[in-house]
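Novice: I am attaching a structure below and will ask some questions about it afterwards.
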Amino acid sequence: MLRLIATLSFLWLVMAIAVAQPSNEANPPVLDTAGQALESGVEYYILPDTNQTGGSDNVNGGGLTLVNRNGSCPLYVGQENLVGSAGLPVIFTPFFAGETIIRRSRDFSVYFSASTICVQSTAWKLEGSDPETERRLIVTGADQSYFRVEGDGNGYELRWCPNDVCPLCRINCGYVGVLIENGKRLLALDGPALPVVFRKA
């Protein structure tokens with residue numbers, strides 16, 4: 001009886017580990033513009049992929065940056081207005097402890113590697129729906145959200161869909177796109193996706 005209990009406990013532990021961390025074969029590395037895997041703790045620029053057809057509003061800007069939306073803090077995640085501008089570098093941190101590579105369809109947190117006039121974190125987090133546009137904006141602050149990269153070798157898109165963080169939750173997932181507001185390019189869900197590439201800083 002004790003041997004049976006021990007065997008069942010071992011099998012349960014193996015299954016729990018397998019569920020907790022997906023197989024790397026199902027989640028290949030996200031590659032930068034040099035063809036190298038994105039690494040945790042390394043600075044990258046997130047740039048629009050002008051080779052993709054994500055819509056003119058999405059690809060007619062530059063790299064991702066911090067945007068002062070309302071003339072006060074907090075700062076929002078947005079896109080440079082100027083095509084060709086690199087924006088600010090970001091750093092990715094995988095959700096699963098011990099991982100050093102950013103993988104497709106795997107959760108990670110992300111923050112800008114920059115200092116700001118706002119005394120707050122530059123980590124990305126999802127805000128509630130904007131009452132006018134009904135789109136969810138991405139703001140910066142201490143309570144970070146988890147994002148992921150979707151796509152294949154032909155292109156990537158950012159997505160909010162933290163299934164690794166909460167596998168049993170019913171999540172209203174959404175791809176990250178651009179919302180133009182008063183001449184400012186803000187990142188938001190619930191619209192056309194912004195095709196992106198990652199360039200090592």
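The values are calculated or read from the model by the stated rules, or taken from the named source; none is laboratory data. None of these values were measured; they are calculated from a predicted model. Cβ placement follows ideal geometry from the backbone for every residue including glycine, while neighbour counts extend to all protein chains displayed.
Novice: Pairs please, first residue from segment 71-98 and on the phi > 0 side of the Ramachandran plot, second anywhere and part of a loop (DSSP other than H, G, I, E, B), Cβ atoms under 8 Å, 6+ apart in sequence or on different chains.
Specialist: So the pair list comes out as Gly84/Gly62; Gly87/Gly62; Gly87/Gly63; Gly87/Glu80.
Novice: May I pose another question? Which numbered condition in (1) part of a loop (DSSP other than H, G, I, E, B); (2) modelled with pLDDT of 95 or more is the only one that Leu137 fails?
Specialist: (1)
Novice: Something else about it: Residues being exposed (fewer than 11 other Cβ atoms within 10 Å of the Cβ) and within 19 Å of Val110 (Cβ to Cβ): count how many of those fall in segment 164-186.
Specialist: 0
Novice: Return the residue satisfying two criteria in turn: it lies in segment 54-64 and is in contact with a strand residue (DSSP E or B) (Cβ under 7 Å, 6 or more places away or on another chain) and not small (Gly, Ala, Ser), and of such residues it is modelled with the highest pLDDT.
Specialist: Leu64
Novice: Please name all residue pairs, on different chains or six or more residues apart, with Cβ atoms under 7 Å, provided the first residue is in segment 172-191 and is in contact (Cβ under 8 Å) with a residue 60 or more places away in the chain and the second residue is in a strand (DSSP E or B) and of a type in the set (Phe, Trp, Tyr).
Specialist: From residues that are in contact (Cβ under 8 Å) with a residue 60 or more places away in the chain, the pairs are Leu186/Tyr76; Leu189/Trp160; Leu189/Tyr175.
Novice: Out of Val67, Val119, report the one residue that is at pLDDT below 90 and over 27 Å from Asn163 (Cα atoms).
Specialist: That would be Val119, the only listed residue that is at pLDDT below 90 and over 27 Å from Asn163 (Cα atoms).
Novice: Next question. Out of the residues in segment 146-163 that are surrounded by fewer than 19 Cβ atoms within 10 Å (Cβ to Cβ) and not in a strand (DSSP E or B), which is modelled with the lowest pLDDT?
Specialist: Across segment 146-163, the extreme among qualifying residues is Gly153.
Novice: Check Leu189 against each of (1) modelled with pLDDT of 95 or more; (2) more than 16 Å from the chain's Cα centre (by Cα) and name the one condition it does not meet.
Specialist: (2)
Novice: Has segment 79-96 got any residue that is closer than 19 Å to Leu179 by Cβ, outside any strand (DSSP E or B) and of a type in the set (D, E, K, R)?
Specialist: Yes, some residue in segment 79-96 is closer than 19 Å to Leu179 by Cβ, outside any strand (DSSP E or B) and of a type in the set (D, E, K, R).
Novice: Okay, moving on. Out of the residues in segment 81-97 that are closer than 19 Å to Gln36 by Cα and of a type outside the set (A, V, I, L, M, F, W, C), state the one that is surrounded by the fewest Cβ atoms within 10 Å (Cβ to Cβ).
Specialist: Restricting to residues being closer than 19 Å to Gln36 by Cα and of a type outside the set (A, V, I, L, M, F, W, C), the top hit is Thr93.
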